[in-house]
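> Submitted below is the structure of interest, expressed as structure tokens.
The values are calculated or read from the model by the stated rules, or taken from the named source; none is laboratory data. All values reported here derive from a predicted model rather than from experimental measurement. Positions of Cβ are backbone-derived with ideal geometry, glycine not excepted, and every protein chain shown enters the neighbour counts. For accessibility, only protein heavy atoms count, side chains too; no ligands or nucleic acids. Shrake-Rupley method; radii C 1.70, N 1.55, O 1.52, S 1.80 Å.
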Amino acid sequence: MIAKEIESKISGGSLIRKMFDEGTRLKKIYGDDKVFDFSIGNPDLEPPKEVKDALIELANADIPGMHGYMANAGYPETRKAIADKLSKESGLSIGIDSICMTCGAASGMNNILRAIMEPEDEIILLAPFFLEYLNYISNVKGVPVIVNTDPDTFLPIMSEIEKAITPKTKAIIINSPNNPSGAIYPKEVLIELNALLKKQDHVIHVISDEPYIDLAYDGMTVPSSLACFDNLIVCFSWSKSLSLPGERIGYTCVSPNHKDFELLTQALVLCNRILGAVNAPALMQRVVAKALNAKVDVPNYERRRNLLYNIITEAGFTCTKPQGALYLFMKTPIEDTKFCEVCAKYNVLVVPGSAFKREGYVRLAFCVSEKTILGSKDAFEAIAKELGLKA
Ligand SMILES: Cc1ncc(COP(=O)(O)O)c(C=O)c1O
């Protein structure tokens, strides 16, 4: 016997995973180059040179105890380097105590939720959102409250958020650049949201999930959340910035302006330990400290975003151009799961918006080869024609 909740999650499966399995099946029948799989957001670029250089240097360094346990929050040198970088970006004075090294954003988010949520506490999610949040929230017996964003810009609508706030609201999760919409929240929006939350008569934590912060296009930079929110906890990872998703490395950062700073920083370190991560990987903590200003080849992602965006819009589909992250979130002319079925007939695999709690759209991950993107043009035109978008 296993826990009922987990058993039901197993039988529910993941829509993204199902699309991936379908892709594998189709590739066996038609060959790799005849299947256009846009379903999985797995960063496909290699890490930048600084990562390899750091790994080689560290392998030769003979540092005693290099692979040993350390304080649960991580190495002080790494935390200091991160705190200094964030201080420069935000204009705040961020100290080492704000930073706890984590096993990626997923682990950071679980630490945060465990640290702040009581059973039955509510947490506001802005749809569309990364569906794993629901699993993390159910880990702490919290209650997700879903609020839609604007259907074209995917920016938060303050009046809708205000309506969703109750005495049980413990936190709101924001994610900019957003998976799946690619929206970047402008500074004014962050400031407005902070004002709305501070007007309430209890603390509402802002959890800013920022794994895509370095993937911004068209010369945009992502506004610093630390500069805009007070009761803020940042959740960051190098999965996308340095293409290291398998290495499980990230951090949480509590704003020095947070009302519960002292207790919260201690709570996050405790949760890192008691949820089983214990500490973030030792070697990777040293690597990221040496590669703090490096990034993957962002112009490469931007080029592929442009290629895929042009293909789908020229075929007749409607899509807001994403400003960041790795996805296009395209409107569907018919119900989204039916649209996915039509796409699959043409060997095109995409994920329905319902997998992000926003129906009427599909997500296309553009972290796939240029060959796949260019090869999909005829298929998108044929799909548009079948659905009557083009004569
Ligand atoms: C919005 C968002 N948050 C968190 C994560 C988890 O990232 P990590 O690999 O750092 O755990 C992802 C991964 O795709 C994501 O898209």
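> Does any residue of the stretch 247-268 turn out to be touching a Cys at 6+ places or on another chain (Cβ under 6 Å) and more than 29 Å from residue 327 (Cα to Cα)?
Scanning the stretch 247-268 turns up at least one residue that is touching a Cys at 6+ places or on another chain (Cβ under 6 Å) and more than 29 Å from residue 327 (Cα to Cα).
> Mind listing whichever residues of the stretch 251-265 are closer than 13 Å to residue 83 by Cα and either open to solvent by less than 10 Å² (accessible area, probe 1.4 Å) or away from the ligand (no atom under 16 Å from the Cβ) (or both)?
252, 253, 254, 255, 256
> Continuing with the same structure: Hey, any hits in the stretch 250-259 for a residue that's touching a helix residue (DSSP H, G or I) at 6+ places or on another chain (Cβ under 9 Å) and part of a helix (DSSP H, G or I)?
no
> I need the full set of residues from the stretch 193-215 which are among the acidic types (Asp, Glu) and assigned to a loop (DSSP other than H, G, I, E, B), in order please.
201, 210, 214 - these are the residues of the stretch 193-215 that are among the acidic types (Asp, Glu) and assigned to a loop (DSSP other than H, G, I, E, B).
> For the stretch 50-83, give me each residue that is open to solvent by 70 Å² or more (accessible area, probe 1.4 Å) and without any contact (Cβ under 8 Å) to a residue 60 or more places away in the chain.
Result: 52, 56, 59, 60, 62, 64, 80.
Quick grid of which residues meet (1) touching an Asp or Glu at 6+ places or on another chain (Cβ under 8 Å); (2) within 16 Å of the ligand (Cβ to nearest atom); (3) open to solvent by 40 Å² or more (accessible area, probe 1.4 Å):
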| site | (1), (2), (3) |
| --- | --- |
| 85 | no, no, yes |
| 90 | no, no, no |
| 117 | no, no, no |
| 121 | no, no, no |
| 129 | no, yes, no |
| 136 | no, yes, no |
| 145 | yes, no, no |
| 150 | no, no, yes |
| 168 | yes, no, yes |
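> What are the residues in the stretch 213-224 that are open to solvent by 10 Å² or more (accessible area, probe 1.4 Å) and modelled with pLDDT of 95 or more, if any?
213, 214, 216, 218, 219, 220, 222, 223, 224
> Only one residue in 81, 54 is modelled with pLDDT of 90 or more, away from the ligand (no atom under 16 Å from the Cβ) and within 30 Å of residue 262 (Cα to Cα), so which one is that?
Answer to the selection: 81.
> Something else about it: Which residues, taken from the stretch 92-115, are farther than 13 Å from residue 234 by Cα and within 15 Å of the ligand (Cβ to nearest atom)?
103
> Would a scan of the stretch 179-187 turn up a residue that is open to solvent by 20 Å² or more (accessible area, probe 1.4 Å), over 18 Å from the mean Cα position of the chain (by Cα) and closer than 20 Å to residue 105 by Cβ?
no
> Related question: Kindly evaluate residue 280 against the criterion of being assigned to a loop (DSSP other than H, G, I, E, B), in contact (Cβ under 8 Å) with a residue 24 or more places away in the chain and either more than 20 Å from residue 295 (Cβ to Cβ) or within 16 Å of the ligand (Cβ to nearest atom) (or both).
Considered against the rule, which asks whether it is assigned to a loop (DSSP other than H, G, I, E, B), in contact (Cβ under 8 Å) with a residue 24 or more places away in the chain and either more than 20 Å from residue 295 (Cβ to Cβ) or within 16 Å of the ligand (Cβ to nearest atom) (or both), residue 280 comes out as yes.
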